[in-house]
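One structure below.
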Amino acid sequence: TSTVQASEELLSDQVSNLDAFLSDGWGRGLAQAYNQATLVDDGSSKPKGVSASATAGVAFASATAITAAELVELYHSVPDYYSEGSVWVMRNATLGALRALTGNPFSFNPTPQGSGPYGDLYGKRVLLSDKMAAPTTGNISVVVGNWSFYALVERASLEVFRDPYSSASTGQVNFYCKARFGGLTILPEAFRKGTQA
């Protein structure tokens with residue numbers, strides 16, 4: 001649930017197409033809430049994300065770094081049945097550090113530099129989210145798995161209520177946004193997590 005206020009003057013001028021701007025902001029906010037829920041929430045009065053429920057894959061040797069060999073080991077810890085549809089999830093900065101690895105047969109830095117900052121890592125798609133933890137002590141910084149085995153249930157679509165009365169004395173219009181959803185890893189063995197030392 002979220003509340004946004006806008007002045008009556010701003011709403012009546014609308015030269016800047018404020019409705020579209022607010023709608024876009026609410027949609028982005030809902031996407032951030034979904035990211036939080038599906039990736040890192042602990043399931044206590046909220047959805048349970050894959051970081052909380054995935055099967056342990058690899059304990060990275062360093063508190064702040066990941067080696068290319070450890071990433072390969074993490075990928076191959078996913079059972080065969082789930083690995084075909086698996087994808088990576090990590091922060092953009094983590095992906096950048098992994099793509100910069102050089103100097104051994106497991107390097108991910110192609111020559112020339114592949115197809116840009118997104119795309120694949122070890123042949124699998126990479127999904128980026130700042131909701132994933134950075135590679136620091138004890139954090140789960142990388143998850144690989146098959147999202148066909150995660151359930152996200154929407155109880156209702158995003159609802160927006162316009163209230164021109166509650167703050168009318170101050171010339172403000174209140175907008176209340178609400179969405180209700182749940183999530184759970186159906187089969188924890190379909191996901192593997194990499195945890196920093």
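The values are calculated or read from the model by the stated rules, or taken from the named source; none is laboratory data. Every value quoted in this text rests on a predicted model; they were computed, and no experiment measured them. Don't worry about glycine lacking a Cβ; one is built from the backbone with ideal geometry, like all the others, and counts go over all protein chains shown. Surface accessibility is based on the protein's heavy atoms, side chains included, excluding ligands, DNA and RNA. Shrake-Rupley method; radii C 1.70, N 1.55, O 1.52, S 1.80 Å.
The modelled label-to-label distance for the pair Ala168/Ser45, using points 7 Å beyond Cα in the direction of Cβ, is 3.5 nm. Within the listed set Asn139, Asn174, Asn35, the residue fluctuating most in the Gaussian network model of the chain (springs between alpha-carbon atoms under 10 angstrom) is Asn174. Inter-label distance, Ser2 to Ala61: 4.3 nm, where each label sits 7 Å from its Cα along the C-beta direction.
To the nearest 10, the accessible area of Phe60 is 0 Å² with a 1.4 Å probe. GNM remark for the chain: springs join alpha carbons under 10 Å apart, and the peak mean-square fluctuation among Pro79, Pro135, Pro47 falls on Pro79. Ignoring lysines fewer than eight residues from Lys124 along the same chain, the ones with Cα atoms less than 21 angstrom from its Cα are Lys193. Counting only residues at least eight positions apart within a chain, or on another chain, the aspartates and glutamates with an alpha carbon under 17 Å from that of Lys131 are Asp41, Asp42.
Model label points for Val153 and Ala31, set 7 angstrom from Cα along the Cα-to-Cβ axis, are 2.6 nm apart.
Ordered by solvent-accessible area of protein heavy atoms (1.4 Å probe), largest first, the residues Glu70, Glu154, Glu159 come out as Glu154, Glu159, Glu70. Between Leu10, Gly49, Gly27, the Cα set farthest toward the positive side of the dipole of the stretch 1-49 (charges on each charged residue's Cβ, about the Cα centre) is that of Gly49.
Once Rh is set to the Kirkwood radius over Cα pairs, what Stokes-Einstein translational diffusion coefficient, in µm²/s, holds for the chain at a temperature of 20 °C and a viscosity of 1.002 mPa s? Spell out each step's value before the answer.
On the way: Rh = 19.0 Å.
The calculation lands on 113 µm²/s.
Using helices alone, what [θ] at 222 nm do you get for the chain, with -39,500 (n - 2.57) per DSSP H run of 4 or more residues, divided over all residues and rounded to the nearest 500?
Helix-only estimate at 222 nm: -7500 deg cm²/dmol.
Listed by chain and number, the aspartates and glutamates placed with their C-alpha closer than 15 angstrom to that of Lys178 are Asp24, Glu154, Glu159, Asp163; residues fewer than eight positions away on the same chain are left out.
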